[in-house]
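Down below is the structure, laid out as structure tokens.
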Amino acid sequence: MDRERIPEFRAAFSRAVAAVAERIVEPTLEIDAYVELPDLTLDLVADISRLAPFGQGNPPLTLAIRDLRITSSATIGRTREHLRITVEDIDGNSRTVFWWQGADRPLPDGVFDLALTVRTSDYRGRAEIQAEWLDARQREPDAIEIEPEPSIEIH
């Protein structure tokens, strides 16, 4: 390429990149219901399971919980590819969530919202809730409005 044509090439390349960037759509996750950690009970999971069988035409419900923090995480599985994560809400309620194939993924830092599915697991003969991590969204800090100091005019 001739040197004098580099600016023309840059401009054309920038326009092409901008055109492609406009068509890039961020993937979305449809949330069926927002719940709180204490809402995740065996009764709720039993009600959800009445909607089964889940499959291509009937996906499991996606629940979301706002304002969580991670209190612990550990890799699990024979090849250490899964995560067992304990999350906690602002009231101190906690829940274990499993992130299948999540060991190589970054965990959110600070406060986040979590999308998950739930089902009943029969672990050692005892029914319990198994919560499965789908996705997380980092929470942005709340904006603080700063008002200017009132001006006082003295005459």
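Only the coordinates and a few stated rules stand behind these numbers; no lab work does. Keep in mind the model is a prediction, meaning the values are calculated, not measured. We place every Cβ from the backbone using ideal geometry, glycine too, and count neighbours over all the protein chains shown.
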Checking VAL97, VAL20, VAL45 against a Gaussian network model of the chain (alpha-carbon springs below 10 Å), the top fluctuating residue turns out to be VAL20
Here segment 71-77 yields Karplus 3J(HN,Hα) values (6.51, -1.76, 1.60; θ = phi - 60°; whole Hz; Gly and Pro given as x) of 9, 6, 8, 8, 7, 9, x
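Find out how many positive minus negative residues lie around ILE70, taking Lys and Arg as positive, Asp and Glu as negative, among other residues whose Cβ is under 12 Å from that of ILE70.
The answer is 0.
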Along segment 78-95, Karplus-curve 3J(HN,Hα) (6.51, -1.76, 1.60; θ = phi - 60°) to the nearest Hz, with x for Gly and Pro, reads 4, 9, 6, 9, 10, 10, 10, 10, 9, 10, 9, 8, 5, 8, x, 6, 10, 7
Reduced to Cα centres, the span from segment 64-83 to segment 1-45 in Å works out to 25 Å
Binned at 5 Å from zero, the C-alpha pair distances of segment 1-125 give percents of 2, 8, 13, 16, 15, 13, 8, 5, 5, 5, 5, 3, 2, 1, 0, 0
Rounded to the nearest 500, the 222 nm mean residue ellipticity computed for the chain from DSSP H runs (n ≥ 4, each -39500 (n - 2.57)) alone is -5500 deg cm²/dmol
Of ILE31, ILE85, ILE129, the most mobile residue in a GNM of the chain (C-alpha springs, cutoff 10 Å) is ILE31
Under the Karplus relation with 6.51, -1.76 and 1.60 and θ = phi - 60°, whole-Hz ³J(HN,Hα) for segment 10-17, x at Gly and Pro, equal 4, 5, 5, 5, 4, 5, 5, 5
